[in-house]
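Report on the following structure.
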Amino acid sequence: MPMRPASLTRRALARCAPPALAALLGALLCLTSPAFATPPSSARPVPTSLADAFQRGVGWSVGVYMFAPGEDEPRVGAGFFIDDQGRIATAAHLLGDVEQILVALPDKRLVQAEVLGRDDTTDIALLRVEGAPKVRPVFAPGARLRVGDWVMAVGEPFGLEHSASAGIVSGKDRHFGDDGELVFIQSDVALNPGNSGGPLLDANGAIVGMNARTIVGPAGSPGASLAVPIDIVLQIVGEFRTPGASAARPRLGAQFDDVPPLAAWAAGRHEATGALILAVPQGSLAEQLQLRVGDVIVEMNGHRVNGSADLVTALLAWRKFNGTRISVLRGGKSVLLTAD
C-alpha cells in the first residue's frame, strides 16, 4: 500500500471533510503555512549554466607561452585583450628574463608579442601583438561585484588551452601585508599553473579581474584564489606610456595590514580602523615620511583610511611625493606627517 504525504492540501480537505469543517481547516492551514517572499525584480537569477559567459569571454582570452634561456620547456600563462588594438594584460611574474613570447589567439593563430610595460610591484604587465582580432572586451567594475556572485576563470592550466573553472566570490578588497599597493578579489575558483594572468569573468562573461595566484592551505590543501580587480589592472596598464616603461607613481615601500582587533583594544581604542605599519624599509619613501612600525594610518591626502584596502586606494591615487599629508595614530596621539 503506497504511503501518503502527511500534509493535506485544500483540495484534499474539500474531498474528505464537510464544507464547514473544510473551510475552518483551510483557514488554519493558511495561518500556519510558511510565507514565501516573492524575489524582488532586481534580484539576479542563479545561472543554470555559464556556457554563454564562457563563449563570450573566451573571445578575448589568450594563451601566453614564454621561452627563457636555459629552460627546456616554455612557461605557460594566460592573458586577455584590453582593447581592439592588440594590447594584452598578463601577469608580470611570468616574464622574467624571457627571450621570446608567443601568444595563442582565440582563432588558434600563434603570434609574437612585445612587452610594452611591466609593474613587478602589482604583478601586471602589458603586451602587444600585431594582427589581433578586432574585438572589444567588456569590463565590469569591481563595485558591481558582490560576495556570492558567480565567477569563472579562463586560462591554460597545465597547458590545456581555454580551460574554464567556476566558483563564487568569497570576499572583496582582500589585502595582505607583503603585497604592498594591491587588493584582491577572493574566490573559490580553482586556479592552477597556467591560469596566471588570465581573465576572471562574471556570469555575463564580462572581465572583472586578472587571475593572480592561490593561497595554499596546510599540507597543500586547496585554499583561496585571488584575482586583481579589473579597475586596478586598467589603471596600471594605462600608466605604461612607452615600450619597456613602468608605472611612475610614488611607492610608499612600507608593509601594512588591517589593525588586529585585539591590538586596537590593547592600545585603548574601541575601533579596529586604520592601516597598521608592519615594516619600513631603509631608503623608502615611508622612511622619508618618518613613518614608524606600529603607526596606524587613518588618513592620506584627504582619503579616509578605515582599513588597509582604503590605504591601497589612496596609494593608487598618489601622484607626487611633495605635498603628501598622512595622519597617523602613534602612542595614543594623532600625528601629522608631511613631505614638503
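No lab work stands behind these numbers, since they all come straight from the coordinates. These numbers were taken from a predicted model, which means no experiment stands behind them. For neighbour counting, all protein chains shown are included, and Cβ atoms are generated from backbone atoms with ideal geometry for every residue, glycine included.
At-a-glance table
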| read-out | value |
| --- | --- |
| Charge-dipole axis of the stretch 255-338 as Lys and Arg at +1 and Asp and Glu at -1 on Cβ define it, positive-most pick from ILE297, VAL259, ILE326 | ILE326 |
| 15 Å beta-carbon shell around ARG251, net charge (K/R +1, D/E -1) | -4 |
| Nearest-0.05 FRET efficiency for SER49 and ALA339, computed from C-beta distance (R0 56 Å) | 0.55 |
| Estimated FRET transfer efficiency when R0 is 25 angstrom, pair GLN290-ARG269 (beta carbons, to 0.05) | 0.70 |
| Separation in nanometres of the label points that stand 7 Å from Cα toward Cβ, at GLN235 and ILE215 | 2.1 nm |
| Segment ASN204-LEU262, length gained on full extension (0.36 nm per residue, minus Cα span) | 16.7 nm |
| Highest average packing first - 76-83, 50-57, 130-137, Cβ atoms within 10 Å | 76-83, 50-57, 130-137 |
